[in-house]
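Data first, discussion second: the structure below is written as structure tokens.
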Amino acid sequence: MTELAKDAAAGLDVAGGAGGQAVLDRLVALLDLERIEENIFRGVSPAHSTVRVFGGQVAGQALVAAGRTVPAERKVHSLHAYFIRGGDPSIPIVYEVDRIRDGRSFTTRRVVAIQHGKAIFSLSASFQVSEAGIEHADEMPEVPAPDTLPTIAERTRDFPNLGAFRRMPRPIDIRYVNDPPWATRGSGQGGARNRVWMRADGKLPDEELLHVCVLTYASDMTLLDSPLARHGVYWDLDKVVGASLDHALWFHRPFRADDWFLYDTASPSASGSRGMATGRFFSADGRLIATVVQEGLLRVLQP
């Protein structure tokens, strides 16, 4: 492990829900993979990780690996991923990139994340040169401004049973527009939609791929709140076992991940111990910047 990787892994292991520039810098360092061969990269996990690697982290790192084999003028427009096994946060993750195709307009990459000699995650990503074309997009819903909303620390102050969720470091500043699902749990008032403002909690470098990877990291946060909220249950407060199964993202327009963006999510279906969630990302000026779909394992165990 490089000294940079050691520093990054240790640096996110900070006290009780801390955020800010220092914590964000550690996330940036975690996404700065070590190249160990032409198409092989290595990444680490933060020391605060518990049972398994956070899905947004492995997705973000895999996209970094793919992007570093593609010319900078080709921008990622979509990714499709499967979470195959739970990642072990105590050891590095090796990312192997397969250069599927380099066409005149599009580039396709496939990435497999490996630990203990087995695949834990796979990702396919497509990159495109900039082209002009027809334009339209859904409008952003009307919501309160992020600076008028309470922080996660303020939202969770009266919920000590949230445990690890309250203590985890926060490189992403999250502000719930609606009452969060842990507050509406059991009340019958859980909404069909879940809306949060997000932004990287500090200043990011200008590299466009990094901003896309930070949004990819953030896209795995709060998404599965949507199916749980419809049934009045929540992770740390009920017997819920869950994990991301697959994840797809489409990037529509340029953005900065250190500016506020609205994450508007909903759950159209849950069945077979799986819940589906869809999401739309809007920039603060109302542009639709990305769309996400995920299905997750959701087992609500009986008392």
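Checked against the criterion of being surrounded by fewer than 20 Cβ atoms within 10 Å (Cβ to Cβ), of a type in the set (S, T, N, Q) and touching a Lys or Arg at 6+ places or on another chain (Cβ under 7 Å), the candidates S187, S124 yield just one match: S124.
Restricting V129, V111 to those that are modelled with pLDDT of 95 or more and surrounded by 18 or more Cβ atoms within 10 Å (Cβ to Cβ) reduces the list to V111. Residues in the range 45-70 that are of a type outside the set (S, T, Y), part of a loop (DSSP other than H, G, I, E, B) and at pLDDT below 95: P46, A47, H48, V51, R52, V53, F54. Scan the range 250-271 and tell me whether some residue there is buried (at least 16 other Cβ atoms within 10 Å of the Cβ), in contact with a Leu (Cβ under 7 Å, 6 or more places away or on another chain), among the small types (G, A, S) and closer than 25 Å to L149 by Cβ. Yes, the range 250-271 has at least one match.
Inclusion of R274 among residues that are surrounded by fewer than 17 Cβ atoms within 10 Å (Cβ to Cβ) and either within 26 Å of L162 (Cα to Cα) or out of contact with any Phe, Trp or Tyr (no Cβ under 8 Å at 6 or more places or on another chain) (or both) is warranted.
Selection within the range 72-91: residues that are hydrophobic (A, V, I, L, M, F, W, C) and surrounded by 14 or more Cβ atoms within 10 Å (Cβ to Cβ). The member of this set that is farthest from R52 (Cα to Cα) is V76. Taking the range 137-160 as the range and being surrounded by 15 or more Cβ atoms within 10 Å (Cβ to Cβ) and assigned to a loop (DSSP other than H, G, I, E, B) as the test, the residues that pass are M140, V143, L149, T151, F159. Considering the range 186-303, the qualifying strands (runs of 3 or more DSSP E), each wholly inside and each with 3 or more residues that are within 14 Å of the chain's Cα centre (by Cα) and closer than 29 Å to G133 by Cβ, run over 240-251, 261-271, 274-283, 288-300. Please indicate, with yes or no, whether at least one residue in the range 160-171 is over 21 Å from Q57 (Cα atoms), out of contact with any strand residue (DSSP E or B) (no Cβ under 8 Å at 6 or more places or on another chain) and touching a residue at least 40 places away in the same chain (Cβ under 8 Å). Taking every residue of the range 160-171 in turn, at least one turns out to be over 21 Å from Q57 (Cα atoms), out of contact with any strand residue (DSSP E or B) (no Cβ under 8 Å at 6 or more places or on another chain) and touching a residue at least 40 places away in the same chain (Cβ under 8 Å).
The combined condition, being under 30 Å from A284 (Cα atoms), within 20 Å of the chain's Cα centre (by Cα) and not small (G, A, S), is fulfilled by P146.
The values are calculated or read from the model by the stated rules, or taken from the named source; none is laboratory data. The structure presented is a predicted model; accordingly, all values stated were derived computationally and were not measured. Here Cβ is always computed from backbone atoms with ideal geometry, including for glycine, and neighbour counts include all displayed protein chains.
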